[in-house]
Amino acid sequence: LDDLLAEGVSGRRVLVRADLNVPLDKQTGAITDDGRIRAVLPTLSALTEAGAKVVVFSHLGRPKGAPDPQYSLRPVAGRLGELLGVPVSFAEDTVGESARSTVDALADGQVALLENLRFNKGETSKDDAERGAFADQLAALGEAYVDDAFGAVHRKHASVHDVPARLPHVAGRLVLREVEVLSRLTGEPERPYVVVLGGSKVSDKLAVIEALLPKVDKLLIGGGMCFTFLKAQGHEVGTSLLEEEMVGTCRDLLARADGKILLPVDVVAADAFAPDAAHDTVRADAIPSKRLGLDVGPATVAAFAEVIGTARTVFWNGPMGVFEMPAFAAGTRGVAEAITKADAFTVVGGGDSAAAVRALGLDESSFGHISTGGGASLEYLEGKTLPGIAALED
Ligand code: 3PG
């Protein structure tokens with residue numbers, strides 16, 4: 001971005017791909033967590049202050065290539081304007097007449113947000129020509145392109161991968177910071193390097209576990225996915241979440257882990273998946289047959305906290321339990337608090353763990369970095385080539 005600013009952007013139309021995919025309340029449509037909007041403000045302010053005509057585009061949710069009001073970005077335009085302190089105009093379409101006239105009406109230093117990119121089939125198409133045709137229309141709206149959508153850099157989508165091929169292109173402040181931080185983890189992290197993984201499915205995290213195992217000193221596993229590992233150790237897990245077809249893979253990972261993988265020693269087991277379900281803390285090797293684990297227990301939090309306390313680098317992705325239900329939030333809270341207390345460089349992977357930090361009211365500034373990318377940060381740590389980063393590197 002500094003290179004682009006140094007060239008001078010006053011009066012130029014600058015396209016900014018942001019990831020404004022924020023959670024919305026299902027009933028009221030209100031934005032429940034504006035972290036991703038805040039994260040893009042430094043780039044947008046730098047451009048408006050330099051007199052650019054700023055055109056922001058983003059996806060929201062996963063609409064199926066056609067307009068769908070529940071995924072409109074309109075509420076985001078209002079919030080973005082409040083946070084930026086300048087009005088943000090909104091175009092009802094992404095590339096049609098409304099987009100064109102909204103962009104034409106921009107004065108220097110003003111901002112417009114276009115409607116959800118994914119209302120157009122070309123955005124996510126696997127067909128290069130279809131994606132390219134959409135990228136041609138997007139690129140025609142601007143004279144330069146800034147990618148600040150770290151949360152979407154792992155997607156080979158028109159706005160991420162194909163628009164930068166058509167315009168002078170740079171990384172925004174957020175993308176730069178995310179890559180700087182995450183590359184510290186893929187490079188030579190200070191040791192001990194401890195990774196905490198949670199979330200529901202082993203299958204979603206298998207690639208990152210494989211990539212991290214040789215690099216980490218300890219890998220602490222909680223969340224729904226721990227039950228498939230506990231089963232692989234020969235324990236019964238009652239009616240807990242279980243990926244039967246992954247049990248063999250987990251057994252193999254445990255055999256190869258050389259003692260690096262730590263699993264829960266106790267869990268909070270409930271008689272139903274409900275906020276008011278009856279529940280008890282039980283040993284992880286003695287989960288009753290009709291109960292399901294919804295959180296890790298206090299002995300696990302203590303054991304994980306002890307390991308985290310010795311770390312010099314910590315990466316955390318995925319909640320330890322169903323933190324949205326207060327009865328099953330203690331594990332996530334306890335582990336998160338241990339991370340904030342560690343004398344270490346600490347990074348929170350985005351998605352659910354970043355949402356948990358904010359929902360539990362933890363102090364965001366006590367973490368070294370909270371990534372805005374869920375899938376993107378994991379794929380970065382796996383060492384994959386990410387289409388949105390590759391597109392900026394030429
Ligand atoms: C995310 O929420 O991880 C990003 O916004 C990407 O969204 P997607 O998984 O729908 O591509």
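Looking at (1) within 16 Å of the ligand (Cβ to nearest atom); (2) surrounded by fewer than 21 Cβ atoms within 10 Å (Cβ to Cβ); (3) modelled with pLDDT of 95 or more, which one does His169 not meet, given that it meets all the others?
Single failed check for His169: (1).
Could you please find all residues in the range 354-373 being part of a loop (DSSP other than H, G, I, E, B) and farther than 12 Å from Phe323 by Cβ?
Within the range 354-373, Asp363, Phe367, Gly368, Ser371, Thr372, Gly373 qualify.
For Pro42, all conditions in the list (1) within 19 Å of the chain's Cα centre (by Cα); (2) surrounded by fewer than 20 Cβ atoms within 10 Å (Cβ to Cβ); (3) within 16 Å of the ligand (Cβ to nearest atom); (4) not in a loop (DSSP other than H, G, I, E, B) hold save one; what is the number of the exception?
(3)
Looking at Asp266, Asp280 in this structure, which one is over 30 Å from Lys215 (Cα atoms), touching a strand residue (DSSP E or B) at 6+ places or on another chain (Cβ under 9 Å) and not β-branched (Val, Ile, Thr)?
Of Asp266, Asp280, the one residue that is over 30 Å from Lys215 (Cα atoms), touching a strand residue (DSSP E or B) at 6+ places or on another chain (Cβ under 9 Å) and not β-branched (Val, Ile, Thr) is Asp280.
Sort out which residues of the range 337-394 are under 19 Å from Leu176 (Cβ atoms) and among the β-branched types (Val, Ile, Thr), and write them in order of number.
Val347, Val348, Ile370, Thr372, Thr385, Ile389 - these are the residues of the range 337-394 that are under 19 Å from Leu176 (Cβ atoms) and among the β-branched types (Val, Ile, Thr).
Restricting attention to the range 52-59, does a residue exist that is of a type in the set (D, E, K, R) and either surrounded by fewer than 19 Cβ atoms within 10 Å (Cβ to Cβ) or in a helix (DSSP H, G or I) (or both)?
Among the residues of the range 52-59, not one is of a type in the set (D, E, K, R) and either surrounded by fewer than 19 Cβ atoms within 10 Å (Cβ to Cβ) or in a helix (DSSP H, G or I) (or both), which makes the answer no.
Hey, among Val216, Val181, which residue is out of contact with any helix residue (DSSP H, G or I) (no Cβ under 8 Å at 6 or more places or on another chain), in a loop (DSSP other than H, G, I, E, B) and either within 16 Å of the ligand (Cβ to nearest atom) or under 30 Å from Ala336 (Cβ atoms) (or both)?
Among Val216, Val181, only Val216 is out of contact with any helix residue (DSSP H, G or I) (no Cβ under 8 Å at 6 or more places or on another chain), in a loop (DSSP other than H, G, I, E, B) and either within 16 Å of the ligand (Cβ to nearest atom) or under 30 Å from Ala336 (Cβ atoms) (or both).
For the range 75-114, what are the residues that are out of contact with any Leu (no Cβ under 8 Å at 6 or more places or on another chain) and more than 24 Å from Glu49 (Cα to Cα)?
Glu92, Gly96, Glu97, Ser98, listed by residue number.
The values are calculated or read from the model by the stated rules, or taken from the named source; none is laboratory data. Bear in mind the structure is a predicted one, so any value in this text is a computation, not a measurement. No Cβ is skipped: glycine too gets one built from the backbone with ideal geometry, and neighbour counts run over all protein chains shown.
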